[in-house]
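What follows is a short report on a single structure.
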Amino acid sequence: NKNQNSLTTYFSNQ
Amino acid sequence: MFEAKLQQGVIFKKIVDAIKDLVKSVNIDASTSGLSMQAMDSAHVALVSLKLNENGFKDYRCDRPITLGLSIENLSKILKCAGNDDTITLQTDEEEPSSLKFFFENQQASKISEFSLNLMSLDSESLGIPDTDYSSVIQMSSAEFSRICKELSSISETVEIETSKESVKFSVQGDIGAGSITVKNNQSDKDVDRVDLQIDQPVKLTFALRYLNMFNKAVSLSSTVSLNMSEENPLMVEYKIDDLGSLRFYLAPKISD
C-alpha cells in the first residue's frame with residue numbers, strides 16, 4: 001500500500 | 001491603480017479552466033512585475049503556481065502590490081461571458097479592493113462587456129518552493145502525455161514513472177492486470193513527436209493519476225509539457241505560456257508505508 005505526504009512535508013510554510 | 005489587459009483573453013479563460021477542478025479559491029498577487037498565484041488542493045498534496053509577467057500583457061499597471069482573493073467558480077462564471085477572440089482587462093482603483101472589474105472587448109471593438117466580481121478575504125498559505133535542479137527532466141508533447149495518463153487511469157489509480165538516459169517508462173498495476181508505455185528520446189522537428197530527456201540521475205516515482213489528469217486540463221495552453229523529477233521529491237509539471245509566463249503544478253509522490 002502506498003501513502004502520500006502533504007506538500008508541506010517538502011516545502012516550508014512562508 | 002491596477003490594470004492588466006490581455007490581448008488574447010482566451011489564455012486567461014484556459015488558465016482558469018485548467019485549475020478550477022483542483023482549487024476552489026485563490027489569492028492572486030499583483031505587483032509591478034506581474035501577476036502570481038499559488039494554491040493547494042484541499043488534500044494539500046497538489047499545488048498550482050501561476051506566474052504571468054507584466055511584459056506579456058498589452059497594458060499593465062500596478063502602482064502598489066495588491067492581493068485579489070477570488071472564488072475560481074465565480075471567476076469562471078464571469079469569464080464564460082468573454083468570447084475566445086476578446087481582449088480581457090482586469091481593473092481596480094482601490095487600495096484594498098472589495099471587487100475586481102472585468103472588461104471584455106471583441107476584435108472590432110464593437111462589443112464591450114463589463115462585469116465586477118466580489119472579492120474574498122482568504123488566508124494565504126503560501127509555501128516556499130526552492131529552485132530545484134531536477135535530476136530528470138522530460139519535455140514532450142502535452143497532448144501525448146495527457147493521452148498516456150488518461151489511458152493508464154482506466155487500469156490503475158497510480159502510475160510509476162521511471163527514467164533512464166534513453167527513455168521514460170510509465171507503468172501501471174491494477175486489478176485487471178498490468179502494463180507500461182515507454183517513450184524514447186526523439187529529436188524530431190515536429191512538436192508532437194519530439195521527446196527531450198535530460199537525465200542527470202534516473203528516477204523511479206509513483207503518482208496518483210487522478211491528479212495528473214487534472215493537471216492535463218492545461219493541455220490547450222501549450223503544445224509541450226515538461227515533467228521535472230527528483231527522487232523523493234514532488235513532481236513539477238510545467239506548461240509554458242508563450243511570452244506570458246508559466247503554469248506549474250506540483251504533486252507529492254506516493255510512498256510505501
Among B:Leu127, B:Ala39, B:Met140, the residue whose Cα sits farthest towards the positive end of the charge dipole of the stretch B:10-153, when +1 is placed on the Cβ of each Lys and Arg and -1 on the Cβ of each Asp and Glu, is B:Met140
Would you work out if the stretch B:112-166 is rounded, prolate or oblate? Take a ≥ b ≥ c from the square roots of the eigenvalues of the alpha-carbon gyration tensor; rounded if a/c is under 1.5, else prolate when a/b is larger than b/c, oblate otherwise. prolate
Which whole-Hz couplings ³J(HN,Hα) result when phi for each residue of the stretch B:223-231 is put into the Karplus expression 6.51 cos²θ - 1.76 cosθ + 1.60, θ = phi - 60°, listed in order with x for Gly and Pro? 6, 10, 10, 10, 10, 10, 9, 9, 4
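Per DSSP H run of at least 4 residues, take -39500 (n - 2.57); add these up for chain B, divide by its residues and hand me the 222 nm value, nearest 500 deg cm²/dmol. If you can, show how the numbers build up before the last one.
On the way: 4 runs with 37 residues, N = 257.
Helices in chain B give a 222 nm mean residue ellipticity of -4000 deg cm²/dmol.
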Let me test this: with uniform point scatterers at the alpha carbons of the stretch B:125-257, what is the Debye-based log₁₀ I(q)/I(0) at q = 0.09 1/Å? -0.24
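Could you estimate the translational diffusion coefficient of chain B from the Stokes-Einstein equation, with Rh from the Kirkwood formula over C-alpha pairs, at 20 °C and 1.002 mPa s, in whole µm²/s?
On the way: Rh = 19.5 Å.
D, rounded to a whole number, is 110 µm²/s.
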Which value, in nm² and rounded to one decimal, describes the direction-averaged projected area of the C-alpha convex hull of the stretch B:45-96? 5.4 nm²
Less than 20 Å apart at the alpha-carbon level, and either on another chain or at least 8 residues along: which lysines does that give for B:Lys184? B:Lys150, B:Lys165, B:Lys169, B:Lys204
Can you work out the Karplus-derived ³J(HN,Hα) for every residue in the stretch B:95-104? Use 6.51 cos²θ - 1.76 cosθ + 1.60 with θ = phi - 60°, whole Hz, and x for glycine or proline. 6, 10, x, 9, 8, 10, 8, 10, 10, 10
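Sort largest first and round to whole Å: the equivalent ellipsoid semi-axes of the protein assembly as shown, each the square root of five times a Cα gyration tensor eigenvalue. Can you show the working numbers first?
On the way: eigenvalues 244, 85, 56 Å².
For the protein assembly as shown, the ellipsoid semi-axes come out as 35, 21, 17 Å.
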The set of residues whose placed amide H lies less than 5 Å from the amide H of B:Val203, leaving out same-chain residues fewer than 5 positions away, is B:Thr163
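Starting from the Cα coordinates of the stretch B:31-121, work out the convex hull volume and express it per residue in Å³.
Details: hull volume 10.8 nm³, N = 91.
Looking at the stretch B:31-121, the number lands at 119 Å³ per residue.
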Taking the Cα centre of each part, how many Å lie between the stretch B:219-257 and the stretch B:1-64? 17 Å
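Only the coordinates and a few stated rules stand behind these numbers; no lab work does. The structure presented is a predicted model; accordingly, all values stated were derived computationally and were not measured. Positions of Cβ are generated from backbone atoms using ideal geometry, with glycine treated the same way; all protein chains shown enter the neighbour counts.
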